[in-house]
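The values are calculated or read from the model by the stated rules, or taken from the named source; none is laboratory data. Keep in mind the model is a prediction, meaning the values are calculated, not measured. For neighbour counting, all protein chains shown are included, and Cβ atoms are generated from backbone atoms with ideal geometry for every residue, glycine included.
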Amino acid sequence: MVVTDSQAPFFKLSARNFHVRSTITRRMNDFGYEKLDVYRCSIEFLAAAKLLNDIFPRGFAHIGDQLRRASLSVPLNIAEGSGKCSLQERRRFFEIARCSALECSAIIDCAKTLNLADPMLLEAHRSLIIRIVQMLSKLTAKTR
């Protein structure tokens, strides 16, 4: 069976097209916020928050839920803020991310006070949050 040009698929995959397509895909997957250390740390903390949430005892789901929402807010606001053109808008989103990180720290303090998890584990996660807050404070100051 012979395929004419009118019957050919819309996009033919040749070696040349594959190279162009893979270059476009690479550029599309290369967002600026992914290069930020604070973003990578916030993703790391998000995974840690999920683990903490899983080990909290029954009856404390509301604290785990609050931690999940606050920890999710940090990388999302960093990503959204890095996409803003205006320095004032960018600073606003970085401040929101910083406040969410501070909320995560307070939740960890509450979890420590209530003995919801191993204090050493909570302290390790709290040190990551402190680092995130420091980086967000510097980013906020740079946008002033």
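What to note about this one:
- Residue among 105, 100, 137 that is among the polar types (S, T, N, Q) and farther than 21 Å from residue 33 by Cβ: 105
- For region 35-63, taking the residues that are among the aliphatic types (A, V, I, L, M) and surrounded by fewer than 17 Cβ atoms within 10 Å (Cβ to Cβ), the one that is nearest to residue 93 (Cα to Cα) is identified as 43.
- Filtered by the rule that a residue be part of a helix (DSSP H, G or I) and surrounded by 18 or more Cβ atoms within 10 Å (Cβ to Cβ), region 106-119 gives 107, 108, 111.
- Checklist (1) within 17 Å of residue 121 (Cα to Cα); (2) of a type outside the set (Lys, Arg); (3) not in a helix (DSSP H, G or I) applied to residue 59, failing item: (1)
- Members of region 66-86 found to be within 28 Å of residue 118 (Cβ to Cβ) and either β-branched (Val, Ile, Thr) or at pLDDT below 95 (or both), listed by number: 74
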